[in-house]
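**Student:** First the structure, then my questions, so here it is.
The values are calculated or read from the model by the stated rules, or taken from the named source; none is laboratory data. Given the structure is predicted, the values throughout are model-derived calculations rather than measurements. Heads up, the Cβs are rebuilt from the backbone with ideal geometry, glycines too, and the neighbour counts pull from every protein chain shown. In case anyone asks, the SASA skips ligands and DNA or RNA and just uses the protein heavy atoms, side chains included. Shrake-Rupley method; radii C 1.70, N 1.55, O 1.52, S 1.80 Å.
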Amino acid sequence: MERWLTAHVCEEDAMAAPAPSVCPATAAGQRIYGDITANRLWTFRVLMNEDLAANEQLAIVGSCEALGNWQHSGAAVMSRQETQNIQDGSDSGSGDVWMAQVYIPRQCATEYRYMVCGVDAASEQLLVRRWEVQLQPRRIAELDEPAGQCEDTFGYVNGREKVDRGWLTKETLVQLKFFYAPFTWKQRMKRRLVHVKVTPMNLTIPSNGAAEITPLSPLEDSLSNDTHDTRENGGEGSAFAFSEVVTLSANECEVRAQEQFGTACSSTDLVIFHLTVADLDNTAYLVDLYSYSSKVAREDGPPLHLGYHYVLPNLFKRSEGNLELAITCAKGHRPLGMMRLGYLIVKPSSHSAHMDMRVSYARYWNNKWTGLDVGHRGSGTSFKAKDAVIRENTITSLKYAADHGADMVEFDVQLSKDLVPVVYHDFMIYVSLKSKCSMQEHDFLALPVRELTLEQLKKLKVYHTAEGLSRETRSFHNDDLLEHQPFPQLADVLDALDVHIGFNIEIKWSQRLQDGSMEEEFEHVVDRNLYIDCILDVVLRKAGSRRVVFSCFDPDICTMLRYKQNRYPVMFLTIGSSSKYQKYMDPRGNAMETAVWHAVAMQLLGIVAHTEDLLRDPSQVNLAKERGLVLFCWGDDNNSKDTIKLLKDLGLHAIIYDKMDVLTSKEVKQSVFLLQAKDSQKEMLKLQALETGHVWHTTDSGNEEQQA
């Protein structure tokens, strides 16, 4: 599938759409959506070539009231018809045809998209499982009514396919991570390969019209595991959920449905169970462990059911964590061993009103956007270079980079104590305890940024960690002016910079290092979901049509950013093989290969690689590009004109570096997005001139002028 970002689409935040009007069922049981008054009846027919789960259906969402006004909750659900082939140039085989009849406006065009939705019969809510994400939606012209029907193929427009997974609306994503076969056994297992299957189970069973908590019965013979399955497969006691899995490897790095007897978890495997559940508080997770006695046995019959464990929802104390669980023997129901797994809970954003289905930027990248110049913390890291005259991560620093040709500016965002997103890189700052001309060892107090409110950060005299450690203060030009001050609010940065300057917003989150210590000395006190929601609230409200790319070194933060919103792309920051930085305990960002697999699995836009790693092995560029991923790079090695040229020649999409005013090779000091906007405006003026009888000509200098 192609990945490209839109040129310039400005859209207002959508309000919640009213429920569509539905006409009574026809004789054939087909519902007709919309109001007959001043509208035309349109028949939508679409071919679906993929298998759907039992709780999945096709639906249409679009620009009129009967199609939900782009709100997923108001989409028109379709009905499955006979098996048939629709010719649309996609070279598709036969599949299921879905149909819906909708009254759409006659006097204006109607735009629409198809989506695969999960339908929870209990709550009647629609969940977006997959949806068409072409930049331009499908379109029915005004007054167009020759046949009164559409014949489409899901995902294909003009023979090109663009389909993405949905985002979280009311449901919750639960990920259980089994890395490197985390099992210990009381008895020797003869090095058998263990397969794991995870099944969400419903803890509430309706009784006399009320939902009551019912104790779980002992597990019966799990070789007939279909009796302990999610409702999508019709099992009793199951939860409304979608149970999927992904193995981070070259051949299996896309999320897929689980097999009947689970997924192999060997000592080299990184396996993530991807579970979408409707009712987090009342869903437990049955973990079954299987093993085949040999490869031959796997082909001939079912495996041995080793053991199981029920993971109850009260074990999830925070949005992320690690669990150590007992394995119960499947036959004797006695303790058999232990397993260790990580978990991640991703809840829907509390700011869903700013998201609709008109357009998605999540995995779009224009083919013309290559070799972009990205200003690192604006005009560069100011506390490493002695000659820096502008403080990093300030509005002035960002503007200075933009004025000197930056296509995008990169900056770091974290939360103050009162949950305000501020722009600052380090987790720690130093506060002066005394007012002195000379600073002694005990005159400073080190504090985490998250321990100070926005007002305190702005009013206190604070020092960078480099100043606190060296006892040498730095002064910058016009340091007392507002736009030169540290800790600008993210909201103010979005307002202050020209809309044509792209933003690479790095989310700061302290991770555990390989030696067990934390990047930040203290553990996190703000929950991950709340942390991300506070940042998304500002961006979704204020970014508008600006090119925004999120990034983070924490792979789970990247996953959360991807599934909490449907508008802006996310990139995975990696260290890779490095002699400069200590590796993280989470292995996904410690090698280019695993980072690529994670990006593909979570449908991220791409990778922000460490240039040290790329220079060591430039062929790694192909690891990302062959998967269709966008590739940025970061690192001190980028602060060289020769290195920047080398990286652009390798085909990188963007290079993040300091000193934009010195190192850029641009002749025209404007962002590519501004130049594109000017070209588009020029094309519009040409079209208007032709429509009014004027002509355009090109001067000798190459400039275009309008002539009456």
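**Student:** Which one is least open to solvent (accessible area, probe 1.4 Å) among residues in the range 443-462 that are part of a strand (DSSP E or B) and of a type outside the set (Gly, Ala, Ser)?
**Tutor:** First pass over the range 443-462, keeping only residues part of a strand (DSSP E or B): 444-448, 462.
From what's left, of a type outside the set (Gly, Ala, Ser): 444-445, 447-448, 462.
Working: Phe444: 23, Leu445: 80, Leu447: 44, Pro448: 5, Val462: 22 Å².
Residue satisfying both the conditions and the ranking: Pro448.
**Student:** Test Ser579 against the stated conditions and say whether it is surrounded by fewer than 19 Cβ atoms within 10 Å (Cβ to Cβ), in contact with an Asp or Glu (Cβ under 7 Å, 6 or more places away or on another chain) and more than 24 Å from Asn251 (Cα to Cα).
**Tutor:** no
**Student:** Name the single residue that is nearest to Arg512 (Cα to Cα) among those in the range 590-610 being open to solvent by 10 Å² or more (accessible area, probe 1.4 Å) and among the β-branched types (Val, Ile, Thr).
**Tutor:** Checked the range 590-610; the qualifying residue nearest to Arg512 (Cα to Cα) is Thr594.
**Student:** Among the residues of the range 299-344, which ones are small (Gly, Ala, Ser) and out of contact with any strand residue (DSSP E or B) (no Cβ under 7 Å at 6 or more places or on another chain)?
**Tutor:** Those that are small (Gly, Ala, Ser) and out of contact with any strand residue (DSSP E or B) (no Cβ under 7 Å at 6 or more places or on another chain): Gly301, Gly332.
Each row is one residue, and each column tells you yes or no for (1) open to solvent by 80 Å² or more (accessible area, probe 1.4 Å); (2) over 18 Å from Thr394 (Cβ atoms); (3) at pLDDT 85 or above; (4) not small (Gly, Ala, Ser).
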site: Leu469; (1), (2), (3), (4): yes, yes, no, yes
site: Thr473; (1), (2), (3), (4): no, no, no, yes
site: Phe476; (1), (2), (3), (4): no, no, no, yes
site: Val499; (1), (2), (3), (4): no, yes, yes, yes
site: Trp509; (1), (2), (3), (4): no, yes, yes, yes
site: Arg512; (1), (2), (3), (4): yes, yes, yes, yes
site: Glu521; (1), (2), (3), (4): yes, yes, no, yes
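**Student:** Okay, next question. With open to solvent by 50 Å² or more (accessible area, probe 1.4 Å), at pLDDT 95 or above and among the acidic types (Asp, Glu) as the only criterion, which of Glu324, Glu320 stands out? Working first, answer last.
**Tutor:** Working: Glu320 fails: open to solvent by 50 Å² or more (accessible area, probe 1.4 Å).
Result: Glu324 is the single residue among Glu324, Glu320 that is open to solvent by 50 Å² or more (accessible area, probe 1.4 Å), at pLDDT 95 or above and among the acidic types (Asp, Glu).
**Student:** Okay, moving on. Return the total of residues in the range 31-44 being basic (Lys, Arg) and open to solvent by less than 30 Å² (accessible area, probe 1.4 Å).
**Tutor:** Counting residues in the range 31-44 that are basic (Lys, Arg) and open to solvent by less than 30 Å² (accessible area, probe 1.4 Å) gives 1.
**Student:** Out of the residues in the range 94-128 meeting the condition of being of a type in the set (Gly, Ala, Ser) and open to solvent by 40 Å² or more (accessible area, probe 1.4 Å), tell me which one is modelled with the lowest pLDDT.
**Tutor:** Filtering the range 94-128 for residues that are of a type in the set (Gly, Ala, Ser) and open to solvent by 40 Å² or more (accessible area, probe 1.4 Å), the one modelled with the lowest pLDDT comes out as Ser94.
**Student:** Any residue in the range 422-439 that is under 26 Å from Glu523 (Cβ atoms) sitting within a Cβ distance under 7 Å of a residue that is modelled with pLDDT of 60 or more and among the acidic types (Asp, Glu)? List the pairs, counting only those 6 or more apart or interchain.
**Tutor:** Cβ pairs passing all conditions: Val423/Asp412; Tyr424/Asp412; His425/Glu392; His425/Asp412; Phe427/Glu519; Phe427/Glu520; Tyr430/Glu467; Leu433/Asp443.
**Student:** If I filter the range 564-585 down to residues being among the charged types (D, E, K, R) and assigned to a loop (DSSP other than H, G, I, E, B), which single residue comes out as nearest to Glu410 (Cα to Cα)? Even if it seems obvious, please write down each step before you answer.
**Tutor:** Quick first cut of the range 564-585, residues among the charged types (D, E, K, R) only: 564, 567, 580, 583.
If we keep only those that are assigned to a loop (DSSP other than H, G, I, E, B) too, we end up with 567, 580, 583.
Values: Arg567: 19, Lys580: 21, Lys583: 23 Å.
Filtering first and then ranking leaves Arg567.
**Student:** A further question on this structure: Only one of these is surrounded by fewer than 24 Cβ atoms within 10 Å (Cβ to Cβ), touching a residue at least 60 places away in the same chain (Cβ under 8 Å) and farther than 23 Å from Gln71 by Cα: Asp533, Asp537, Asp586. Name it.
**Tutor:** Asp586
**Student:** Still on this structure, please answer the following. Are any residues in the range 338-382 surrounded by fewer than 18 Cβ atoms within 10 Å (Cβ to Cβ) and more than 30 Å from Arg165 (Cβ to Cβ), and if so, which ones?
**Tutor:** Correct list: Met338 only.
**Student:** Next question. For Thr381, all conditions in the list (1) under 27 Å from His425 (Cα atoms); (2) at pLDDT 95 or above; (3) among the hydroxyl-bearing types (Ser, Thr, Tyr) hold save one; what is the number of the exception?
**Tutor:** Tallying (1) under 27 Å from His425 (Cα atoms); (2) at pLDDT 95 or above; (3) among the hydroxyl-bearing types (Ser, Thr, Tyr), Thr381 fails exactly one: (2).
**Student:** So, in the range 605-639, how many residues would count as being closer than 30 Å to Arg567 by Cα and free of Cβ contacts under 8 Å to residues at least 12 places away in the same chain?
**Tutor:** Residues that pass the stated criteria total 2.
**Student:** In addition: Looking only at the range 640-667, count how many residues are within 20 Å of Phe503 (Cα to Cα) and open to solvent by 50 Å² or more (accessible area, probe 1.4 Å). Steps first, answer last, please.
**Tutor:** Keep residues of the range 640-667 that are within 20 Å of Phe503 (Cα to Cα), which gives 644, 648, 652-661, 663-664, 666.
Next, only the ones that are open to solvent by 50 Å² or more (accessible area, probe 1.4 Å) stay: 648, 659, 661.
Result for the range 640-667: 3.
**Student:** Among the numbered criteria (1) modelled with pLDDT of 80 or more; (2) part of a strand (DSSP E or B); (3) open to solvent by 70 Å² or more (accessible area, probe 1.4 Å), which one does Val198 miss?
**Tutor:** Result: Val198 fails condition (3) only.
**Student:** If you scan the range 263-277, which residues turn out to be surrounded by 23 or more Cβ atoms within 10 Å (Cβ to Cβ) and in a loop (DSSP other than H, G, I, E, B)?
**Tutor:** If the condition is that a residue be surrounded by 23 or more Cβ atoms within 10 Å (Cβ to Cβ) and in a loop (DSSP other than H, G, I, E, B), then Cys265 is the only one that fits.
**Student:** Select from the range 400-417 the residues that are under 17 Å from Arg547 (Cα atoms) and part of a loop (DSSP other than H, G, I, E, B) and list them in ascending order.
**Tutor:** Result: Gly405, Ala406, Asp407.
**Student:** I'd like to know if the range 510-527 contains one or more residues that are touching a residue at least 24 places away in the same chain (Cβ under 8 Å), assigned to a helix (DSSP H, G or I) and in contact with a strand residue (DSSP E or B) (Cβ under 9 Å, 6 or more places away or on another chain).
**Tutor:** No, the range 510-527 has no match at all.
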